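The values are calculated or read from the model by the stated rules, or taken from the named source; none is laboratory data. Just so you know, these numbers come straight off a predicted model, no measurement behind them. Because the Cβ atoms are built from the backbone with ideal geometry, glycine has one as well, and the counts that use them run over all protein chains shown. Note: accessible area is taken over every heavy atom of the protein model, side chains too, but ligands, DNA and RNA are not part of it. Shrake-Rupley method; radii C 1.70, N 1.55, O 1.52, S 1.80 Å.
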Amino acid sequence: MKKIIAVLLLFTFGLSSCEKDDICDANTQTTPRLVITFYYDDNPTTVRNVSNMKVVGVVDGVDQPEGIIFNENGTSTTRYLTSASTVSVPLRVDADTVTYKFIYNASNTAQSNTDLLTINYSRTNTYVSRACGYKTTFQLPTTNDVVYSAGTDGEWMKNTEVKIRNIETENETHVEIFF
């Protein structure tokens with residue numbers, strides 16, 4: 001009888017040391033990306049698709065080797081191209097500024113056009129849960145928030161406008177670009 005009680009006590013203590021598995025729910029909001037929508041410059045209420053645009057990050061003045069992937073199932077070239085009217089780009093969680101090259105018509109190097117977009121922001125880390133960890137939200141300042149400049153081949157972007165300064169979700173457009 002004493003052996004059975006000892007085994008039951010040992011079994012009970014063994015079970016009490018187990019923890020529930022922590023799994024971050026796929027619906028949990030994590031660090032949002034910056035949502036950019038493109039519009040006609042001469043008709044600013046009409047959404048406009050870009051033509052084979054590629055977005056490449058620039059870190060410390062050096063282009064990153066690959067662009068942002070817009071098409072997971074594309075070839076080694078087309079996976080980085082988009083012809084949509086809205087794109088989402090990540091902001092850095094370890095810095096307060098990020099620079100991207102937006103290459104319009106990137107599939108045709110003779111007719112491509114590159115503009116630089118520099119985004120300045122502040123960051124706030126928020127604890128989500130033990131399973132999900134932290135998420136970072138971003139706030140665009142009231143001045144010098146989104147600065148665009150023409151590349152060596154002239155500018156294709158004509159104007160930018162910040163619509164939402166607090167970047168907490170990816171459900172709305174944060175920045176509008178007119179071209």
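Going through (1) within 14 Å of the chain's Cα centre (by Cα); (2) modelled with pLDDT under 95 one by one, Gln111 falls short only on (1).
Quick grid of which residues meet (1) more than 24 Å from Asn166 (Cα to Cα); (2) polar (S, T, N, Q); (3) not in a strand (DSSP E or B):
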| residue | (1), (2), (3) |
| --- | --- |
| Val93 | no, no, yes |
| Ile103 | yes, no, no |
| Thr114 | yes, yes, no |
| Thr118 | no, yes, no |
| Thr124 | no, yes, no |
| Tyr127 | no, no, no |
| Lys135 | no, no, no |
| Phe138 | no, no, no |
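For segment 105-119, which positions are out of contact with any Leu (no Cβ under 7 Å at 6 or more places or on another chain) and touching a residue at least 24 places away in the same chain (Cβ under 8 Å)? Those that are out of contact with any Leu (no Cβ under 7 Å at 6 or more places or on another chain) and touching a residue at least 24 places away in the same chain (Cβ under 8 Å): Asn105, Asn108, Ser112, Asn113, Thr114, Asp115, Leu116, Leu117, Thr118. For segment 130-147, the criterion of being more than 13 Å from Pro32 (Cα to Cα), in contact (Cβ under 8 Å) with a residue 40 or more places away in the chain and open to solvent by 70 Å² or more (accessible area, probe 1.4 Å) is satisfied by at least one residue. Just wondering, is there one or more residues in segment 42-55 that are within 26 Å of Phe138 (Cβ to Cβ), open to solvent by 30 Å² or more (accessible area, probe 1.4 Å), part of a strand (DSSP E or B) and in contact with a Leu (Cβ under 9 Å, 6 or more places away or on another chain)? Checked against the condition, which is being within 26 Å of Phe138 (Cβ to Cβ), open to solvent by 30 Å² or more (accessible area, probe 1.4 Å), part of a strand (DSSP E or B) and in contact with a Leu (Cβ under 9 Å, 6 or more places away or on another chain), segment 42-55 yields at least one hit. Screening Glu176 on (1) acidic (Asp, Glu); (2) in a loop (DSSP other than H, G, I, E, B); (3) touching a Ser or Thr at 6+ places or on another chain (Cβ under 6 Å) shows it passes everything except condition (2).
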